[in-house]
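Structure first, commentary second.
Just so it is clear, none of the values below were taken in a lab; they were calculated from the coordinates. All values derive from a computational prediction rather than experimental measurement. Using ideal geometry, Cβ is built from the backbone for each residue, glycine included, and neighbour counts are taken over all protein chains shown.
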Amino acid sequence: MLSGPHPRSRIYTTLNSYFSFLINFILFKIKRGNNDVEKLEKALAKKLNVADAVCVPMDRVGIYLTIKNIAKPGQGIIMSPYTIADVVNMVVCAGCKPIFCDIEQSSCNLNPNKIEELIDKNVGAVLVTHLHGISAPTRKILAICKKHELPLIEDTAQAFGANEGGEMLGTIGDAGIYSFGMYKNINCWYGGVVVSNNKKLISNIRSEINKYDYQGNYFILKRILKGLLTDLLTLPLFFKLCTFWIFRFGFLNNIRWINKYVEIELDLKLKNKIPDYYLARLTPWQARLAMTQLDDVEINRKNRLSKANIYYEGLKNLDGLILPPEKNKESNSYLTFPVQYHNRKRLLKWLMFNNRDIAAQHLKNCADLPSFSNWYRDCPVARKTANEVIILPTYPKYPQSEAEKNIKVIQSFFNRVKAT
């Protein structure tokens with residue numbers, strides 16, 4: 001039993017993530033602080049070398065507010081269909097229409113060669129996502145946007161700390177949005193930030209944010225309790241002894257009630273109105289918690305990069321396995337390392353049978369979802385990619401030796417396929 005693996009993912013927490021909430025909750029200081037949110041905004045603007053920043057309750061709310069203040073109602077937003085459904089919902093809630101643009105298979109990001117054919121007088125902006133912490137071809141997309149006088153919005157939820165040509169992702173376009181959620185490289189449970197060199201844009205978003213109440217204590221507590229349970233279940237020793245074997249049994253035997261506990265992106269419904277609980281302000285306590293993590297961003301990025309390089313070297317010669325592009329490799333942040341294989345289910349079963357805790361990427365091709373049928377567009381690469389991506393772990397506490405074991409098992413699968 002001790003041959004079980006480390007978990008596929010762990011949330012970015014320390015003991016301080018929990019104790020600081022408990023102390024601040026007892027002392028009624030969750031919503032009290034000496035301009036702590038403003039201090040975080042200034043620190044982020046300085047770190048990212050932008051004119052201004054405004055904190056938001058979630059990355060998706062930042063997308064909603066940015067689109068609402070950049071595009072006109074009824075305009076189209078060119079975007080990738082390979083994203084979470086709620087990003088599409090934020091476009092709709094902002095009064096705009098999603099225009100799905102196909103992606104590059106290797107990067108899983110927006111294909112710049114497909115953008116221009118979708119541009120007309122009704123397009124209000126381009127929204128690019130840097131998925132898995134891998135840079136989209138932002139410079140190429142920016143050139144297209146400038147040619148057509150369109151704003152470029154960067155969804156940088158998974159790529160805080162990554163850069164392209166020395167410029168931080170999220171700062172190349174007109175606005176960038178980052179996430180501070182549980183599995184991101186800065187975690188204050190909920191939260192995010194919008195950054196821009198357009199001070200008027202940030203001022204307009206801040207004016208709207210200031211109308212909201214602070215995120216409720218018990219709303220945050222619910223999130224923290226969920227995080228605590230996740231942390232306990234994925235403690236390496238307990239995971240190896242117990243948790244993994246339950247999930248392994250569920251996966252190999254297709255037991256739905258077990259498998260649903262590790263699936264994400266289950267809410268695929270259309271939202272025409274943004275939920276009321278989305279409209280909240282980041283609390284001063286969350287800002288203080290985020291501030292303690294800023295200095296670790298680059299250290300953790302290099303940690304994940306080292307594991308990405310191990311995967312590149314170990315998997316690059318496997319025929320039929322698609323790896324991320326190596327361009328800009330050293331500047332990416334690799335929240336995970338995505339690979340693609342045409343028979344994903346077969347490879348995942350082999351990995352799980354050989355005691356490797358590896359997951360499929362659960363993102364859907366939103367262009368094909370019934371909930372967004374009003375904006376259907378044929379995106380064959382996104383459709384194919386959504387059925388093939390497997391994400392290999394890179395999080396900071398994931399041992400290098402585990403990455404090497406993943407490689408050996410994947411190599412053995414391809415050797416077996418070749419032999420048959």
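Structure notes:
- Reachable aspartates and glutamates from K121, criterion Cα separation under 13 angstrom, eight or more residues apart if same chain: E149
- In terms of its C-alpha gyration tensor, the stretch 15-209 has a prolate overall shape, because the principal axis ratio a/c (a ≥ b ≥ c, square roots of the eigenvalues) is not below 1.5 and a/b outweighs b/c.
- Within the stretch 221-262, the trypsin sites (Lys or Arg not before Pro) that combine a DSSP coil assignment with at most 12 other C-beta atoms in a 10 angstrom radius are K260.
- Structure note, pairs K327/K384; K47/K222; K114/K329: Cα-Cα distances above 25 angstrom occur for K47/K222.
- Distance-filtered residues of the stretch 106-150 - backbone nitrogen under 20 Å, label point 7 angstrom along E330 Cα→Cβ: 133-139
- ³J(HN,Hα), Karplus 6.51/-1.76/1.60, whole Hz, each residue of the stretch 68-76, x for Gly, Pro: 4, 9, 10, 9, 8, x, x, 6, x
- For the stretch 330-383, averaging the sequence separation of C-alpha pairs within contact (under 8 Å, six or more residues apart) and dividing by the residue count gives a relative contact order of 20 percent.
- Here the Karplus relation 6.51 cos²θ - 1.76 cosθ + 1.60, evaluated at θ = phi - 60°, turns the backbone of the stretch 243-253 into coupling constants of 4, 4, 5, 5, 5, 4, 4, x, 5, 5, 10 Hz, with x for every Gly and Pro.
- Among beta bridges identified by DSSP and lying wholly in the stretch 15-209, the antiparallel ones come to about 45 percent.
- Residues T14 and K140, FRET efficiency given R0 of 35 Å [Cβ-Cβ distance, rounded to 0.05]: 0.35
- Placed amide H near G173: partners under 5 Å, 5+ positions off or other chain: none
- Listed peptides 306-313, 292-299 by packing density, highest first (mean Cβ within 10 Å): 306-313, 292-299
- Computed across the stretch 111-224, the Kirkwood radius stands at 15.6 Å (inverse of mean 1/r, all Cα pairs).
- When only the Cβ of Lys, Arg, Asp and Glu is charged (+1, +1, -1, -1), the dipole of the stretch 15-209 relative to its Cα centre reaches about 600 debye.
- For A359, the residues whose modelled amide H falls within less than 5 Å of its own, excluding neighbours fewer than 5 places apart on the same chain, are I391.
- Among the GluC sites (Glu not before Pro) in the stretch 194-276, those located in a DSSP loop and surrounded by at most 15 other Cβ atoms within 10 Å of their own Cβ are E263, E265.
- Bins of 5 Å from zero: percent of alpha-carbon pairs in the stretch 23-121: 2, 11, 14, 15, 16, 15, 12, 6, 5, 3, 1, 0
- Taking the average, over residues, of other Cβ atoms within 10 Å as the packing measure, peptides 63-69, 335-341 rank 63-69, 335-341 from highest down.
- Of all lysines in the structure, the ones whose alpha carbon falls short of 18 Å from that of K405, not counting any fewer than 8 places away in one chain, are K240, K307, K316, K349, K397.
- Contour minus Cα-Cα distance for N317 and K397 (0.36 nm per residue): 26.1 nm
- Residues whose placed amide H lies under 5 Å from that of G76, excluding near-sequence neighbours: K97, V123, G124
- Point-charge dipole on Cβ atoms (K/R +1, D/E -1) for the stretch 1-127, about Cα centre, debye to 20: 580
- Mean separation of Cα contacts under 8 Å (6+ apart) over length of the stretch 15-209, as relative contact order %: 23
- Relative contact order for the stretch 57-117: 34 percent, from Cα pairs under 8 Å spaced at least 6 residues apart, divided by residue count.
- Isotropic mean projected area of the C-alpha convex hull, the chain (nm²): 19.7
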